[in-house]
Every structure is written in C-alpha cells, then in structure tokens.
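The values are calculated or read from the model by the stated rules, or taken from the named source; none is laboratory data. Predicted model, so just to flag it, every value in this text is computed and none were measured. Heads up, the Cβs are rebuilt from the backbone with ideal geometry, glycines too, and the neighbour counts pull from every protein chain shown. Heads up: the accessible areas ignore ligands, DNA and RNA and are worked out on the full protein's heavy atoms, side chains in. Shrake-Rupley method; radii C 1.70, N 1.55, O 1.52, S 1.80 Å.
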Amino acid sequence: MEDRRLNSRRGLEPLEWGATGLTVVLAVAAAATQQTILTAIAPLPLSLAVGLNLVSRKKLDDRFQAFVQQQEAKIAELVASQGQQQSELGNLTLALSQVGDRLEDVQKQVMQLNQGARDLHDYTRILDTEQKQIEEVLDCLREIEKNTQVIQVDPSHAKAYYNRGLTHQRLGDAEAAILDYSEAIRINENYAKAYHNRGVARSTLGDRKGAVEDLRTAAKLFFDQGDISSYQRARDLAKRIHEVGSIEQDSKEVPLEILFA
C-alpha cells in the first residue's frame, strides 16, 4: 500500500511538472506576445498626438497670420485716417490764420473808422462853434450898423453910443468901445453902465488907473441910483484891479451880466 502510494506520488510528479512547465511556457509566450503588441501599439498614440499637434499648430498659425493681417490692415487704415486728419488740421490751421489776419484787418479798419468818426465829430463841433461865432459876429455887425444909423439920425442918442460900444467890446475891439462909451458919458454924465464897461475896457488895455477911476465912479452912481448889487460888483472889481493890476488875471470875476446886458 505504501509502495503504491509512493509510486502514485512519484507517477504524478512528472505530470504536475509538465503542467507547470506548460503554464510557464504559455505565460512566457503570452507575456512575449503582449509585449510585442504593446511595443507595436505604443508608438501609435504618440504619432497621432504629434500629428494632431502639428495640425492644431498649423491652424493656430493660420489664424494668427489672419489676425496679424487684419491688424496690419486696421493699422494702415488708421495711419491713412491720421494722415488725412493731419492734412485737414493743417488746412484748418491755415484757414484760422487767414481768418485771424482778416479779423486783425477788420479791427484796424474799425479803429480807423472810430477815429474818423471822432475826428468828424470834433470837426463838426468846431464847425458848429465857428458857425455860432460867425453868427454872433454877424449879429454884432448888424447891431453896430443899426446903432450907427440911429446916431446918424440923432447924434445925442447916448443909448445908441452905449449899445455900439458894448457891441465893439463883445467883438474884442476895446479901443472902439472906449470911444463910444466916452460919447455916451459926454451926453449923459450919470451913465453908470457906460462908466462901468469903460473901466473894464481900459483894464483890458492895461490902463489900471483909468479903469479904477471909472469903476469907482460907476459904483458911486449905482449907489445913488439904488442899484446896490451893481454897486457892490463895481466896487469889488475896482478893488481887485487896484490890488491885482488887471481883471484879465482873473477873468471869471468880470461881471459879464452887466457887460453884455
């Protein structure tokens, strides 16, 4: 029994070893085959990735080139637009400069016109003044002629001599005025206004003594006639001429309301 069992064990060992060997061989073969397949298949994903990468890069390059071209076109368009704007700006600057020059010319013309208007106004005012002076001279000449005719008719008309002397004095002819005032006084010794105005006329000619004497006489006559205001003016004027020497040094104090009454 023991021998059979022993033999049985010994008889099974080769079979087990064979099966084990076959399993090992198959395992080795399977491993080798799998390795071969893996070796053959392994490069495929890398090549495919490289290919896909190249395709993607080409697309990206194409897109980038298209983008660059678009940007270059836009830049060129902006440059052209900027050049046009600069040209327009230059034209506007030139136009503004021309407008400024014209405005300056207009301002000069306006200033000249204003100056011309002022000159015309001054000239018109001078003409008006001269016209009034001419009218006054004509009025004086007519007054002289009228009183002369009265004197020719009545040589003893003291008032006519006084009025003619007053007109000569208004014209600045003091000597002719003194002659007529003297005739009026010769005719009427109490002619206070004739004394007063003859004193003023003598003062303008530098006859200080004669002026003071006439004005003092006029003051006395005005007082006797009750004309107190004329008395005070004649008295004050005589005093001023006596102290100052001539009423022309203070012409504003001349009683013109009496002189041209």
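Structure summary
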item	result
Positive-end extreme of charge dipole, segment 49-175 - chosen from Tyr162, Thr124, Ser56 (charges on Cβ)	Ser56
Accessible area (Å², 1.4 Å probe, nearest 10) - Ile151	20 Å²
Between segment 169-183 and segment 132-158, the Cα center-to-center distance that results, in Å	12 Å
Size of charge dipole - segment 71-220 - debye, nearest 20, with Cβ of Lys, Arg +1 and Asp, Glu -1, no other charges	1040 debye
Whole-Hz ³J(HN,Hα) from phi, Karplus 6.51 cos²θ - 1.76 cosθ + 1.60, for segment 166-176, glycine and proline x	4, 5, 4, 5, 5, 7, x, 9, 5, 5, 5
Karplus-derived 3J(HN,Hα), 6.51/-1.76/1.60, for each residue of segment 76-86, Hz, glycine and proline x	4, 5, 5, 4, 4, 5, 5, x, 5, 5, 5
Difference of contour (0.36 nm per residue) and Cα-Cα distance, Asp101 to Lys74	5.7 nm
Residue pairs, from the table Lys146/Lys209; Lys146/Lys220; Lys159/Lys220, whose Cα atoms sit over 27 Å apart	Lys146/Lys209; Lys146/Lys220
Mean Cβ neighbour count within 10 Å, used as a protection proxy, ranking 159-170, 76-87 highest first	159-170, 76-87
Only Lys, Arg (+1) and Asp, Glu (-1) charged, at Cβ; segment 49-141 dipole about Cα centre in debye	1420 debye
